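J.: My structure is below; once you've seen it, I'll send some questions.
Computed from the coordinates by the stated procedures, all read-outs in this text should not be read as laboratory data. Since we're looking at a predicted model, the values are computed, not measured. Reconstructed Cβ throughout: ideal geometry from the backbone, glycine too, with neighbour counts over all protein chains shown.
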């Protein structure tokens, strides 16, 4: 089975994905890392040199070309945010939305700002908070199509362990 972790940047998809893959004895793939390897550029470089529209196309193509091998896939925050992509995710496997409240997202992303091309130019916390709020509003309809929704706002390790236990029982 394929498990797709989706959610906003900073929601813990990579960390939860690694834990989940280990717990289920499945391979783990981070879509951003796979795209970086295919493009031979970092995500930041792709955004800077080719733009967000190009990146979104590459992201969609990567998802379309993903074989049916069982695994745990941490997807970029925008990957499921088209009807085509979310429907493909639903057809291929189990989407799991890692929900995090806006305050915790802002706190996490403030610490990671330089590694995130979409937010690195914000001058202050208010700009970041507005971006998170507006972007979540547009992405939530896609995220909420997930079959499993996990609150990952608090103790991430406990959530990850519960997720492994839950998915072990359904896989």
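J.: In Å and from the alpha-carbon atoms only, list the Rg and Dmax of the range 2-164.
T.: Final numbers for Rg and Dmax: 15.0, 42 Å.
J.: What distance in nm separates the two pseudo spin-label positions at residue 84 and residue 41, each 7 Å out from Cα along the beta-carbon direction?
T.: Once both label points are built, they end up 2.0 nm from each other.
J.: Still on this model: Over all distinct alpha-carbon pairs, what is the Kirkwood Rh of the range 1-94 in angstrom? Intermediate results must be reported in sequence, preceding the final value.
T.: Details: mean 1/r = 0.0744 Å⁻¹.
One over the average 1/r among Cα pairs gives 13.4 Å for the range 1-94.
J.: Starting from the Cα-Cα distance between residue 103 and residue 67, subtract it from 0.36 nm times their residue separation and give me the gain in nm to one decimal.
T.: The residue 103-residue 67 span can extend by a further 9.3 nm.
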